[in-house]
Amino acid sequence: MKRFFETLRNINKIEELRKRILYTLGIIVIYRLGSFIVLPGVDPAFLGALHQQGSDGILGLLNMFSGGAFSNASIFALGIMPYISASIVMQLLGMMIPYFQKMQREGESGRRKMNQITRLLTIVITAFQAPAYLTNLVNTVPAMGITPFDGAAPGLFFWISSTVILTAGTLFVMWLGERITDKGIGNGISMIIMIGIIARLPFALFAEFVSRLEDQGGGLVIFAVEIVFLIVVILLCILLVQGTRRIPVQYAKRIVGNKQYGGVRQYLPMKVNAAGVMPIIFAQAIMFIPITIAGFVASDTSGGFWQALMHFDGFWYNFIFALIIIMFTYFYTAVTMNSQQISDDLKKNGGFIPGVKPGRQTAEFIDNVISRITLPGSIFLACVAIMPAIVTKFGVNSQFAQFYGGTSLLIMVGVVLDTLQQIESHLLMRHYDGLTKSGRIKGRTG
């Protein structure tokens, strides 16, 4: 506790760090206030059905990512997810299309071009998602809950104006995230997602606490067990994010003039989970496909397999979900960590792995190491992804169960570690003690 308050005093002494933290907090306050500003023409008193719809299932997950803005019919209802979808599309294009690959290698100018294309793609995606959200809003909220602008029902002006407002809201949230990245602390987009997730935690925790106090709830003992298990899962996720395998690299001794270069042994870190949460996001998108198809098939004609895939807490849904995550983890790791390129870089810099010949054998050795450490990482990632479905079988509230795993927990752990790592870097750069005794907090990029 003494070290904690000493660290706070050190942070306050560094003017730049203090301004960055206050700036980040100010942006977060603006984002949270915007989450409660309802779309024009929508009466907040009639949003009970929308709140119920956003309490569980896929819409509940989307509502959690938006910090409750989805169920509030807010101007930020779509949140930052269209930008995330656009970023995923750009990553896939960068893997498959040479034009975007060349753009990625152009440095700062290429990054600016990629960001501009991502923003334009965000507008396109939001323009398609906004009418879908409004359709669900009109069908969910009673007719008297939406003020008609031109006629007895929401007319063309309502649809156009609300679509423009939702699109502008998403772009404004994207801009807030970029401001945090430039002038604040941490990654702005990830920070906004994490704030939306954490904003739902008190409500989910209170709902779980009330349910446990009921006659058949199990009492405070069961609630305490749930909290302890949640802490254990968080610690395991931290190990998953920070886990690495170090490969020793020896640099050859070179003498240029009167100076000696190389001759030093270093380590090449290989992350256990190099793919992050991307496999979960890709797998979730694929799992939406059979559910969408099943929605167009009549219940009396659809088979049992299709019906099983419509239950998010069912065995077959989560089994297939886990298998897809494992496959995508290997795929994404193979794309992002090119063993041949790593081998070539080592050879160019006069480095080699002791006992392994440079060139093709080094690439094969690195590829074997990556394959071995990716297997436990992918399995654990799949277990984390299906953890909410597992804990719901033990009577945990569906809202609170989302915090036991899935994308939400990994995002929170990763963002917190990244932010703490940046704060610690500022402290160590000014010759202050870090947040930990070792001074070695490792984030997702550490």
Any chance Val164 is over 30 Å from Met412 (Cα atoms), modelled with pLDDT of 85 or more and open to solvent by 70 Å² or more (accessible area, probe 1.4 Å): yes
field: Any hit, segment 227-244, residues being more than 24 Å from the chain's Cα centre (by Cα), surrounded by 13 or more Cβ atoms within 10 Å (Cβ to Cβ), part of a loop (DSSP other than H, G, I, E, B) and at pLDDT below 80
entry: no
field: Residue among Pro269, Pro290 that alone is closer than 30 Å to Leu375 by Cβ, modelled with pLDDT of 75 or more and not small (Gly, Ala, Ser)
entry: Pro269
- request: Being assigned to a helix (DSSP H, G or I), surrounded by 19 or more Cβ atoms within 10 Å (Cβ to Cβ) and touching a residue at least 60 places away in the same chain (Cβ under 8 Å) narrows it down to one of Val369, Val384, so name that one.
  value: Val384
- request: Check Ala69, Ala45, Ala49 and return the single one that is small (Gly, Ala, Ser), in contact (Cβ under 8 Å) with a residue 40 or more places away in the chain and not in a helix (DSSP H, G or I).
  value: Ala69
Any hit, segment 124-147, residues being farther than 29 Å from Gly41 by Cα and either open to solvent by less than 70 Å² (accessible area, probe 1.4 Å) or in a helix (DSSP H, G or I) (or both): no
statement: Quick count over segment 347-365, residues being assigned to a helix (DSSP H, G or I) and in contact with a Leu (Cβ under 8 Å, 6 or more places away or on another chain), is 1
query: Is it true that Arg179 is without any contact (Cβ under 8 Å) to a residue 40 or more places away in the chain and either touching a strand residue (DSSP E or B) at 6+ places or on another chain (Cβ under 7 Å) or more than 15 Å from Leu39 (Cα to Cα) (or both)?
result: no
- request: Identify, by number, the condition in (1) in a helix (DSSP H, G or I); (2) open to solvent by 40 Å² or more (accessible area, probe 1.4 Å) that Ile84 doesn't meet.
  value: (2)
query: Among the residues of segment 101-123, is there at least one that is among the aliphatic types (A, V, I, L, M) and under 30 Å from Phe46 (Cα atoms)?
result: yes
statement: Every listed condition ((1) buried (at least 20 other Cβ atoms within 10 Å of the Cβ); (2) modelled with pLDDT under 85; (3) over 16 Å from Ile185 (Cα atoms)) holds for Gly41 save (1)
Subset of segment 28-38 [part of a helix (DSSP H, G or I) and either farther than 18 Å from Ile423 by Cα or open to solvent by 80 Å² or more (accessible area, probe 1.4 Å) (or both)]: Val29, Ile30, Tyr31, Arg32, Leu33, Gly34
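The values are calculated or read from the model by the stated rules, or taken from the named source; none is laboratory data. In this text the structure is predicted, and so the values were computed from the model without any measurement. As a convention, Cβ positions derive from the backbone with ideal geometry for all residues, glycine included, and neighbour counts pool all protein chains shown. All accessible areas refer to the heavy atoms of the entire protein, side chains included, with ligands and DNA or RNA removed. Shrake-Rupley method; radii C 1.70, N 1.55, O 1.52, S 1.80 Å.
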